[in-house]
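Peer 1: Dumping the structure here so I can ask a few things about it.
The values are calculated or read from the model by the stated rules, or taken from the named source; none is laboratory data. This one's a predicted model, so the numbers in the text were calculated from it and none came from an experiment. Here the Cβ is made from the backbone with ideal geometry for all residues, glycine too, and neighbour counts use every protein chain on show. The area values use the complete protein model at the heavy-atom level, side chains included, leaving out ligands, DNA and RNA. Shrake-Rupley method; radii C 1.70, N 1.55, O 1.52, S 1.80 Å.
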Amino acid sequence: MVSIYNAIIIGSGPAGHTAALYLARANLHPLLLEGDSSGEVVAGGLLTTTKVVENFPGFPQGIDGFDLTDRFREQSARFGTEIRSETATKLEQVDNLFQVYTASNTYSTRAVLIATGSTPNRLYIPGYDNFWHKGISTCAVCDGGLPVYRNVPIAVVGGGDSACEEALHLAHTASKVYMIIRKDVMRASKIMADRVLSNPKIIPIWQSTVEEVQGGAHLEKILVKHAETGVVNALEVRGLFVAIGHTPNSDIVKNLVDIDANGYIVTNRKGETSCKGIWAAGDVQDPHYRQAITAAASGCVAALEIERSLY
Ligand code: NDP
């Protein structure tokens, strides 16, 4: 006989593990699929790529993102979460149940929580991989306060609301912030663009793209090309914060639930999606905050609602 899980959690970042912890403590024996860590799917999610997490309460000295994720995992396992290092590749609804497929197994469940996070878009330029986390980051809130980025020139790529937020955040600590915008207008909302443009520490560089990054052990220089003139200038910066959008990892449910124009799963404040039995938590449904703590909180909310729906 095929066993039916009460709940399967797809994803292993703060949202997934917080939900697992709550469901396990409610004796619902959840299964958490953490990903097989091949290709793009990394167990623990984006947090594992952050060097020091200084804004998660309870760790006054900060904590390595990988260590924090390990602790999440240990805690959800301690209460009986079954954790499998498999990547969910397909989800189907069959009557009142859901089938979750991985490369090696098919699981049946009453409830599914999608906590698959999002992937920051990257630049495909020479040097990018060499300086990833040695000067290149996609999260100013996570990394901008590190000593290496303080009182030195920094660059931000992008002209959307995220790039504005990054630039404004970095302007508190960096000596100056170049903002490399590929058009002659910003895509950002007017209020955010105005804030950026009136900040004396932020220097917009219009109609320009970063063509290459260079340095030694750490990033030292970026080559910036003007779209109209073709002139390439070298800018000395110690940090390059890339804010050119995120891609939510919502493919697995795109035919089952409502997805917004940017690919985020649409949820209500209970974490419910448009399909009864499927919940979503964390970055895959959050275009705004994208913090470990907000992801964890949304995982908690969804788990409490799943528990209510099952008992
Ligand atoms: P957006 O898609 O809005 O903006 C992406 C920016 O990156 C654009 O300026 C785009 O340029 C630029 N870009 C994309 N690809 C490249 C590339 N290869 N090289 C250089 N530049 C590139 O993404 P955001 O993450 O900023 O925002 C996503 C959504 O979240 C939006 O709806 C936004 O309003 C919302 N958001 C809201 C916030 C708030 O309300 N406080 C904060 C953060 C996000 P171009 O314009 O030329 O296409």
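Peer 1: Report in % the part of the accessible area of the chain that belongs to carbon and sulfur, leaving out ligands and nucleic acids; probe 1.4 Å. Spell out each step's value before the answer.
Peer 2: On the way: 7670 of 15440 Å².
Reported share for carbon and sulfur atoms: 50 percent.
Peer 1: Going by average Cβ density within 10 Å per residue, which order do the peptides 186-199, 230-243, 291-304 take, highest to lowest? Could the numbers behind the result be given before it?
Peer 2: Working: 186-199: 15.7, 230-243: 18.2, 291-304: 22.9.
Listed from highest to lowest mean packing, they are 291-304, 230-243, 186-199.
Peer 1: Using only Cα atoms, tell me the angle between helix 14-25 and the longest principal axis of the chain; keep it within 0 to 90° and round to the nearest 10.
Peer 2: It is inclined by approximately 20 degrees.
Peer 1: How large is the charge dipole for segment 241-292, taken about the Cα centre, if only the Cβ atoms of Lys, Arg (+1) and Asp, Glu (-1) carry charge, to the nearest 20 debye? Spell out each step's value before the answer.
Peer 2: Values: 5 positive and 6 negative charges, 28 e Å.
Computed charge dipole of segment 241-292: roughly 140 debye.
Peer 1: Could you work out [θ]222 nm for the chain from helices alone, using -39500 (n - 2.57) per DSSP H run of at least four and dividing by all its residues? Round to the nearest 500 deg cm²/dmol.
Peer 2: Working: 6 runs with 68 residues, N = 311.
After summing the helix terms and dividing by residue count, I get -6500 deg cm²/dmol.
Peer 1: Determine which lysines satisfy two conditions relative to K201: a Cα distance under 24 Å, and not lying fewer than 8 residues away in the same chain.
Peer 2: Candidates past the 8-residue exclusion: K134, K176, K183, K190, K221, K225.
Peer 1: I would also like to ask the following. If you roll a 1.4 Å probe over the heavy atoms of the protein chains, what accessible area per residue do you get for the chain, in Å²?
Peer 2: 50
Peer 1: Please give the peptides 143-153, 10-20 ranked by average Cβ packing (other Cβ atoms within 10 Å per residue), highest first, as a rough proxy for protection. Write down the numbers at each step before the final one.
Peer 2: Numbers: 143-153: 16.1, 10-20: 31.5.
For the peptides 143-153, 10-20, the packing ranking is 10-20, 143-153.
Peer 1: Shifting gears a bit: Starting from a Cα-only point model with no solvent, please compute log10 I(q)/I(0) by Debye for segment 13-143 at q = 0.10, 0.16, 0.22 1/Å.
Peer 2: Cα-only, vacuum Debye calculation for segment 13-143: -0.39, -0.90, -1.35.
Peer 1: Sticking with this one: For the chain, evaluate the Debye formula with one uniform point scatterer on each Cα (no solvent term) and list log10 I(q)/I(0) at q = 0.10 Å⁻¹, rounded to two decimals.
Peer 2: Computed log10 I(q)/I(0) values: -0.59.
Peer 1: Over the alpha carbons of segment 192-311, what is the largest minus smallest coordinate on each principal axis, giving the biggest first in Å?
Peer 2: Principal axes ranked by extent give 64, 33, 27 Å for the Cα atoms.
Peer 1: Further, regarding this structure: Checking the cross-link filter: which aspartates and glutamates have an alpha carbon closer than 19 Å to that of K90, excluding same-chain neighbours under 8 positions apart?
Peer 2: Excluding near neighbours in sequence, the set is E34, D36, E40, D251, D258.
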